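Taking it in order: structure first as structure tokens, then the write-up.
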């Protein structure tokens, strides 16, 4: 199993080298060791019973969403209409600096993630208090924060198990997260919340359940290296 993990990590690192995107740390040995350790930890969660059903991607709010294009002309049928942006952008500057910092700082992203996680537990699973383990069956979930290609702002991947009989379709889970978006101020107002049903993904790609889970865990581990681990250990709930 360790050999398989090592080969999988080496494939990912080779792809990053070819794309010119190997992160700041230039020591391949350190990156390999960290990735293998993280991947083994994630696989261990599956062996202990974590069975992810939903793979969810979402973005956090940034004030750049408030800067909307303004229509400057009114031609028939909108043909060749000209658009600009609001001239007085100074009023957005303090808020822009505040959120720009929060969206690029890992600790602040994890602070906002805690609010989202608690709403998922309360609305999705009916769990009001996470420490009442005798009263509720606490679901496992894994949050992963990545900076993406340009390394400017974090976005989040989330693995969730089955939720309930009423939340058993992509549309119903999207509605749950639309509700959560309206309850918190930290989620993007307009960027799409992507919900993937891993059972359907398994059928489409003709993978067995083990290979499908391994592929997803490897994907979540792709930005891990010695100085940065993408897994949110503060807010994830492990077995």
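Derivation of every value follows stated rules applied to the coordinates shown; laboratory data play no part. For clarity, every value in this text was computed on a predicted model and none was experimentally measured. Counting neighbours? That spans all protein chains shown, and the Cβs are built from the backbone with ideal geometry, glycine included.
Quick notes on this one:
- The peptide list 166-172, 226-232, put in order of mean Cβ contacts within 10 Å with the highest first, becomes 226-232, 166-172.
- Residue 149-residue 114 FRET efficiency (beta carbon distance; Förster radius 30 Å; 0.05 resolution): 0.65
- Taken along the Cα-to-beta-carbon direction at a fixed 7 Å, the label points for residue 128 and residue 166 span 1.7 nm.
- Cα gyration tensor category, rounded, prolate or oblate, for segment 124-238 with a/c compared to 1.5: rounded
- Modelled label positions at residue 64 and residue 188, each set 7 Å beyond Cα in the direction of Cβ, lie 1.0 nm from each other.
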